[in-house]
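Accompanying notes for the structure given below.
Derivation of every value follows stated rules applied to the coordinates shown; laboratory data play no part. In this text, all values refer to a predicted model and were calculated from it rather than measured experimentally. Every residue, glycine as well, gets a Cβ built from its backbone with ideal geometry; the counts of neighbours run over all protein chains shown.
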Amino acid sequence: MESVVFMKESTPEIHKKNAKKSFSFALITVSTSRFEKHGDSASPEEAEDLSGKAIKELLEAAGHKVSFYRLVSDAKSSVTEAVFAALDSSVDIIVTSGGTGLSPKDLTIESITPLFEKEIPGFGELFRYKSLEEIGASVILTRAVAGVIKGKAVFCLPGSPNAVKLAFSEIIIPETGHIVRHIRE
């Protein structure tokens, strides 16, 4: 008598398989020096924003789109105004790039985390874990975080092109459908 083995998919695999496949992203780049040089730019290319350009390319290659872009200074009011504008738009996910370091002017985390209705602590933990091989113990300097505000996932990333490439290719893009599905339940 033959025995039959059934392979059962895990719940995350089922959720990913049944999730929507294409999403709209808001990208907010936080950089006073870039803002002073380029002002209200309409795109990462116009702002000479290498991280924003990398994010846009990765998203488009995965079938997603950036439908909201803002370049802002490191001022708390600029960051929160851009986040509120993105929340009022039709995007599914909001991403900030820059302003997550330890210098006194790095205020992205202080501007956004008080707005979180729910935190996604696993994002920051996994991002730092995956960054360890690339940057070593310097990983302790990153304050990358994620959370939910008004039914939208918000990711706060460092401003380096390598950091955003890692976050998007290994975490955000693979989990986007799963995250959005749970937020909208």
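Key figures for this structure:
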item: Percent of C-alpha pairs per 5 Å bin, the range 22-183, short to long; result: 2, 10, 20, 25, 23, 15, 5, 0
item: FRET E, pair residue 162, residue 40, Förster distance 22 Å, beta-carbon r, rounded to 0.05; result: 0.25
item: Entries of 37/118; 21/130; 21/105 with Cα pairs more than 31 Å apart; result: 37/118; 21/105
item: Spatial separation of Cα centroids for the range 15-78 and the range 123-178, in angstrom; result: 15 Å
item: DSSP-defined antiparallel bridges as percent of all bridges, the chain, nearest 5; result: 30 percent
item: Cβ-derived FRET efficiency at R0 41 Å, residue 32 paired with residue 90, nearest 0.05; result: 0.90
item: Given charges at Cβ of Lys, Arg, Asp, Glu: the chain dipole, positive-most of 22, 138, 78; result: 22
item: Hz values of 3J(HN,Hα) by residue in the range 161-168 - Karplus curve (6.51, -1.76, 1.60), Gly and Pro given as x; result: x, 5, 5, 5, 4, 4, 4, 6
item: Helix-only mean residue ellipticity at 222 nm for the chain, each DSSP H run of n ≥ 4 adding -39500 (n - 2.57), per residue, nearest 500; result: -12500 deg cm²/dmol
